[in-house]
């Protein structure tokens, strides 16, 4: 569960950050909730210190980071979207991002990088987000490029 902090803003209601996932969650006043992946702890700290949260978000967070959104109303709580994040990796990150964008990760239990063959699985420690991590067989994975 991502801990949230209420903020003073005309547009943003609360902000949550999960450092292990590098996931930033923004609750807007209109009830929408946006998740952004690959957000550094430094960027999160800058956001929390910014005098205008809305202006900071508009200028510093690219829509390319946005994983998903959902709208919450008084009648209907926010529906959980299929959100995907992944461990930082110099080979697979762009490929797994593309697979997530094409909705290929929504229905599978594991994913294999077409470049290096690393098998990725969702981390069970994060049930509200599918956080993909490399599957280790007990041996360190060594890649030769």
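The values are calculated or read from the model by the stated rules, or taken from the named source; none is laboratory data. Predicted model, so just to flag it, every value in this text is computed and none were measured. Cβ sites come from the backbone with ideal geometry, for glycine too, and all protein chains shown count toward neighbours.
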Quiz prompt | Within the range 1-120, helices (runs of 4 or more DSSP H) holding 2 or more residues that are modelled with pLDDT under 90 | solution = 53-60, 93-101
Practice problem: For the range 17-33, enumerate the residues that are without any contact (Cβ under 8 Å) to a residue 60 or more places away in the chain, under 18 Å from residue 125 (Cβ atoms) and either crowded, with 21+ Cβ neighbours inside 10 Å or outside the structural domain of residue 60 (by TED's automatic domain parsing) (or both). | Solution: 17, 25
Quiz item: Are there any pairs, at least 6 apart or on different chains, whose C-beta atoms fall under 8 Å, with the first in the range 121-145 and loosely packed, with under 11 Cβ neighbours inside 10 Å and the second part of a loop (DSSP other than H, G, I, E, B) and at pLDDT 85 or above, and if so, which?
Solution: 145/91
